[in-house]
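No value in this document is a laboratory result; all are computed from the given coordinates. The structure displayed is predicted, hence computed values, not measured ones. Cβ atoms come from the backbone with ideal geometry, glycine included; neighbour counts cover every protein chain shown.
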Amino acid sequence: MDPRLKQSLRFLQSWLINTLAVLVAVQVVKGIHFRDPGLLAPVLTALVLGILNAFIRPILVVFALPLLILTLGLFMLVINALMLCFVSWLMHPYFQVNTFGAALLGALIISLISGALNILTGNTKTRVSFQRRPPPSDKRPDDDGNGPVIDV
C-alpha cells in the first residue's frame, strides 16, 4: 500500500475516533455542548482539536515540562483541558465549554475514549500484551541450601 494513502487513512481513522470521543464527552459532561444537533459541529470540533494538538500542544508541553515531571504527567490533563477551552473559544457559537472543571472532565473522557479506541483499532504504535508468568519461587536458582548460616 502506498505510504501516503496509509497515512491518509490513519489520519481519517484518528479523526473519526476523536469525533466519537468528543460526542461522548458532550453527552456525559453537562458543561460541554454543541449549539446545533447536527454532525458538522462535532466533526469540525474534532478537526480543530486535532490540529491544535498537533501544533500548539507540543509547545505547551515543553513549557510545562517541570510541572509534568513534578506531577508525574498528571498535568497533561490540565494541558488537554486548556486545549479544549481554546477550541471552545475558537468555535464559540457552535461548541461551548462552560467551566474549566467541565473542560477538565471532558479532556479526561476524550483522552480515555480516544486512547482506548486507538489501541483497539491499531491506529497507534502502542501495543498492549498480557503474559502469564509462573509465580516466583522461594529459592534462588543457584541456591542449593548449603550456604553460610549466621546464628545470632
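Rounded to the nearest 10 degrees, the inclination of helix 100-121 to the longest alpha-carbon principal axis of the chain is 70 degrees.
Just so you know, the Rg over Rh for region 39-83 is 1.10, from Cα atoms, with Rh as the Kirkwood radius.
Shown is the FRET efficiency for HIS92 and LYS125, computed with R0 = 41 Å from the Cβ-Cβ distance and rounded to the nearest 0.05: 0.70.
The relative contact order of region 8-82, computed from alpha carbon pairs under 8 Å that lie at least 6 residues apart in sequence, is 24 percent.
Normalised by the number of residues in the chain, the mean separation of alpha-carbon contacts (under 8 Å, six or more apart) gives a relative contact order of 29 percent.
The smallest convex shape that holds all Cα atoms of region 26-101, its convex hull, gives 89 Å³ per residue. For the listed peptides 48-58, 63-73, 24-34, a ranking on the average number of other beta carbons within 10 Å per residue, highest first, reads 24-34, 48-58, 63-73. With the gyration tensor restricted to C-alpha atoms of region 59-128, the semi-axes of the equivalent ellipsoid amount to 22, 19, 11 Å, longest first. Using the alpha-carbon atoms, what tilt in degrees (0 to 90, nearest 10) does helix 3-28 show relative to the longest principal axis of the chain? For helix 3-28, the angle is close to 80 degrees. Here TRP15, TRP89 are placed in order of increasing Cβ neighbour count within 10 Å, fewest first, which gives TRP89, TRP15. Placing a pseudo-label 7 Å from each Cα along the Cα-to-Cβ vector at THR71 and TRP15 gives an inter-label distance of 3.1 nm.
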